[in-house]
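One structure below.
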Amino acid sequence: MTRRHDRQQFRDMLRPVVEQLRVARKSRGWTQRDLGDRIGLNQMAVSNMENSVRTVEVSMLALWASTLGF
């Protein structure tokens, strides 16, 4: 198994969690920029995480979830 394959499996595993966080963000009326401002990222980074372009670190997921009130 390659590192690339491992990263893809990790992204696939996290996809449902990221989708729930995206839904929560939208239900609060927040844009990607709003969330990014609160967690210290720019809008493009949030977009990349929500669309599985960028692998989300567990620590970032925790911050993201905490910011949304989970």
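Considering only protein heavy atoms and a probe of 1.4 Å, how much of the accessible area of the chain is carbon and sulfur, as a whole percent?
For the chain, the apolar C and S fraction of the accessible surface comes to 51 percent.
Length gained on full extension, R33 to R11: 5.7 nm, using 0.36 nm per residue less the C-alpha separation.
On full extension, the segment bounded by S47 and A62 gains 3.7 nm, given 0.36 nm per residue less the C-alpha separation. Taking amide H atoms as placed 1.01 Å from N in the peptide plane, the amide H of R54 lies under 5 Å from those of M49, each 5 or more residues away in sequence or on another chain. Per residue, the accessible area of the range 1-67 comes to 66 Å², computed with a 1.4 Å probe over protein heavy atoms only.
Taken one residue at a time, the phi angles of the range 24-41 give Karplus couplings (6.51, -1.76, 1.60, θ = phi - 60°) of 4, 4, 5, 5, 8, x, 8, 7, 4, 5, 4, 5, x, 4, 6, 10, x, 10 Hz. Gly and Pro are set to x.
Using just its DSSP H runs of length 4 or more, each adding -39500 (n - 2.57), the chain gives a mean residue ellipticity at 222 nm of -23000 deg cm²/dmol after division by all residues.
The values are calculated or read from the model by the stated rules, or taken from the named source; none is laboratory data. This is a predicted model, so every value here is computed, not measured. These area figures cover heavy atoms from the full protein model, side chains too; ligands, DNA and RNA do not enter into them. Shrake-Rupley method; radii C 1.70, N 1.55, O 1.52, S 1.80 Å.
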